[in-house]
Amino acid sequence: MPPRLPALLAEPPRAGIPLWLTGGAIFDGTGSAARPGVAVLVRDGVIAAIAPAGEPPPADADVIELDGRTLLPGLIDAHAHVRAELPVPDPGAEPLLPNTRGHFIAADLRETLRRGITTVRDVGSYDDIVFEARQAMRYGAFRGPRLLTCGAIVSATAPGGRWFPGMYREADGPDDVRRAVREQLRRGADFIKVMTTGARSVELEDPDPAQMTREEVATLVEETHRQGYRTAAHAEGLAGTELAILQGIDTIEHGIYLNQRPDLLGRMAASGQVLVPTLSCFYGVAGLDHQIGIDDGAIDEPNARDRVGVAYSPCHGPERPWTPLLVQLAHYNLRQADLTLRAALAAGVTVAAGHDWHPFWDHALELRRMIAHGMTPAQSLAAATAGAAYALGIGEHVGTIAAGKVADLVVFDGDPLAEPALLSRRDAIWLVLQSGAPVAGAALEPAQLRTGAAPEPAATSHSSSSSGTQSSTACPTSVPREIAVAPNRSRRSSSAWSSPADRSNGSAS
């Protein structure tokens, strides 16, 4: 991994106030069971030590009593499209101005952090919007997750370039592919993504044949790896998926039909290549956005929609369904993706969680679906922490609760390992720490905003919440006294934790 990875350079300054988190259970991200009776010391924004909860806290640390809650590494979405969900003005209302979408993306990134997602890998967005959002976060305009992006997706000249203008960099021939890679790194990309097959969301694209030649893919991998970056491949049909695996692509996105090729799964396991299953995109195109599992009829009640078979946008309301051809294909692909995830687990392939649907902050839905498709809750959460960090190439920094890791942490009010539905409950996300700073969570919000008992102030996010009223307090003004006690350090009260905006000119951010 390059030492100057743009996403890491854009991180906020690490918090300077030492914290002692104690009295809860810890899920460390490796897939092991949660451990009660453990305390975590955070110093200079990094996990400094893990100790028995009975040990006294350091004299200079503020104490956060978890009171039986569950502490996890910050969640990671390994496959997101960071794009704006724009409202449709009423007839006669003023049309949206061109740059309005940046404000909506900022709101959704704030909500992403509020949902406990501290790192997002953008695998294809429009124009420079993600670069702009990341730069705005770097300079303190708002607080959101660590944001990796591929820039434009490298693709052969294909119908997808018409469907998604501004998202693809079409390149033909090895020399043009090499130039396309260099262009994305010049823009500030953190990795390179390539379309080795067509997309099941484009009616004119057939995902079965490989979309690029062996020489083109080999050149892309060689040039990207030569400069120290990682690669990702959109891979649906088996021909393009095989090409991506054999040429050494680091992460296989979708990989729908790999259950039919156990030899390729074995090769992935042996080489350390990662599968990102993206179940939610198949649910979405199939019109099953309200369901958690395929057959058992499990319904995500807070997100239940009025009409089965109709996709839903929190801005647009019910949308028209996808074309019959794509809906039929999505139903088939969902069955194949189920078989592939189970086969990948049996083969020992590393799996990373990626939502690949909208709103992009609703990553919890993907984690719950992975459980419905054969993973244990611990495996699903590991795929969203250690597995995803490994996939992104930043496992030395985040993904597990271990000494030396950045203190990106999330505290759940309850145990999501025993009750995975908590992952989708916004009010169950009690506290989010980013680089050691408490930045979001129910503990930082007035109770009436969490329950809907009082009107909200001006909202910072337009999207509907899967657990009821959505709060606008992404940057709290202070931490309530009851979550931080410092009996050994009376000179500092919890009010020292001011908002990120208040701290923008100081060192404790």
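Does HIS358 satisfy being modelled with pLDDT under 95 and under 20 Å from HIS234 (Cβ atoms)?
Working: modelled with pLDDT under 95: yes; under 20 Å from HIS234 (Cβ atoms): yes.
Judged against the criteria, HIS358 is a match.
Given the criteria among the β-branched types (Val, Ile, Thr), at pLDDT 95 or above, farther than 30 Å from LEU275 by Cα and surrounded by fewer than 18 Cβ atoms within 10 Å (Cβ to Cβ), does ILE64 qualify?
Numbers: among the β-branched types (Val, Ile, Thr): yes; at pLDDT 95 or above: yes; farther than 30 Å from LEU275 by Cα: yes; surrounded by fewer than 18 Cβ atoms within 10 Å (Cβ to Cβ): no.
Here the answer is no, as ILE64 does not meet what is asked.
Do we find that THR118 is crowded, with 21+ Cβ neighbours inside 10 Å and outside any helix (DSSP H, G or I) in this structure? Yes.
Listed residues ILE294, ILE249, ILE245, ILE256; which is surrounded by fewer than 21 Cβ atoms within 10 Å (Cβ to Cβ), under 26 Å from the mean Cα position of the chain (by Cα) and not in a strand (DSSP E or B)? Going through ILE294, ILE249, ILE245, ILE256 in turn, the sole match is ILE294. Exactly one residue out of ASP176, ASP172 is open to solvent by 10 Å² or more (accessible area, probe 1.4 Å), more than 23 Å from ILE394 (Cβ to Cβ), in contact with a strand residue (DSSP E or B) (Cβ under 9 Å, 6 or more places away or on another chain) and among the charged types (D, E, K, R), and it is ASP176.
For segment 202-217, a residue qualifies if it is out of contact with any strand residue (DSSP E or B) (no Cβ under 6 Å at 6 or more places or on another chain), assigned to a loop (DSSP other than H, G, I, E, B) and open to solvent by 20 Å² or more (accessible area, probe 1.4 Å), and the qualifying residues are GLU203, LEU204, ASP206, ASP208, PRO209, ALA210, THR213. In summary, LEU220 fulfils each of the numbered conditions (1) assigned to a helix (DSSP H, G or I); (2) surrounded by fewer than 24 Cβ atoms within 10 Å (Cβ to Cβ); (3) of a type outside the set (D, E, K, R) with the single exception of condition (2).
Number of residues in segment 121-136 that are among the β-branched types (Val, Ile, Thr) and either open to solvent by 10 Å² or more (accessible area, probe 1.4 Å) or modelled with pLDDT under 95 (or both) equals 1. Restricting attention to segment 61-101 and to residues that are of a type in the set (Gly, Ala, Ser) and more than 25 Å from ALA152 (Cα to Cα), the residue that is nearest to the chain's Cα centre (by Cα) turns out to be GLY74. Among the conditions (1) at pLDDT below 95; (2) outside any loop (DSSP other than H, G, I, E, B), the only one that ARG83 does not satisfy is (2). Of the residues making up segment 86-115, those that are touching a residue at least 40 places away in the same chain (Cβ under 8 Å) and outside any helix (DSSP H, G or I) are LEU86, PRO87, VAL88, ARG115.
Right, LEU422: under 30 Å from ILE256 (Cα atoms) and either at pLDDT 95 or above or out of contact with any His (no Cβ under 9 Å at 6 or more places or on another chain) (or both) or not?
On the way: under 30 Å from ILE256 (Cα atoms): yes; either at pLDDT 95 or above or out of contact with any His (no Cβ under 9 Å at 6 or more places or on another chain) (or both): yes.
When the stated conditions are applied, LEU422 passes them.
When segment 17-58 is limited to residues that are assigned to a loop (DSSP other than H, G, I, E, B), open to solvent by 40 Å² or more (accessible area, probe 1.4 Å) and over 23 Å from ALA384 (Cβ atoms), the one that is modelled with the lowest pLDDT turns out to be GLY54. Filtered by the rule that a residue be in contact with a Phe, Trp or Tyr (Cβ under 9 Å, 6 or more places away or on another chain), closer than 30 Å to PRO324 by Cα and not hydrophobic (A, V, I, L, M, F, W, C), segment 155-202 gives SER155, GLY160, GLY161, PRO165, GLY166, ARG200, SER201. Scanning segment 161-185 for residues that are part of a helix (DSSP H, G or I) and in contact with a helix residue (DSSP H, G or I) (Cβ under 6 Å, 6 or more places away or on another chain), we see that the one that is farthest from GLU215 (Cα to Cα) is VAL181.
When segment 337-360 is filtered for residues that are open to solvent by 20 Å² or more (accessible area, probe 1.4 Å) and either assigned to a helix (DSSP H, G or I) or within 18 Å of LEU423 (Cβ to Cβ) (or both), the ones remaining, listed by number, are ASP338, LEU339, ARG342, ALA343, LEU345, ALA346, ALA347, TRP357, HIS358. Being among the basic types (Lys, Arg), within 17 Å of MET1 (Cβ to Cβ) and either surrounded by fewer than 21 Cβ atoms within 10 Å (Cβ to Cβ) or touching a residue at least 24 places away in the same chain (Cβ under 8 Å) (or both) is not true of ARG267. Given the condition open to solvent by 40 Å² or more (accessible area, probe 1.4 Å), free of Cβ contacts under 8 Å to residues at least 60 places away in the same chain and not small (Gly, Ala, Ser), answer yes or no: does some residue in segment 279-288 qualify? Checked against the condition, which is being open to solvent by 40 Å² or more (accessible area, probe 1.4 Å), free of Cβ contacts under 8 Å to residues at least 60 places away in the same chain and not small (Gly, Ala, Ser), segment 279-288 yields no hits at all.
The values are calculated or read from the model by the stated rules, or taken from the named source; none is laboratory data. In this text, all values refer to a predicted model and were calculated from it rather than measured experimentally. Reconstructed Cβ throughout: ideal geometry from the backbone, glycine too, with neighbour counts over all protein chains shown. Surface accessibility is based on the protein's heavy atoms, side chains included, excluding ligands, DNA and RNA. Shrake-Rupley method; radii C 1.70, N 1.55, O 1.52, S 1.80 Å.
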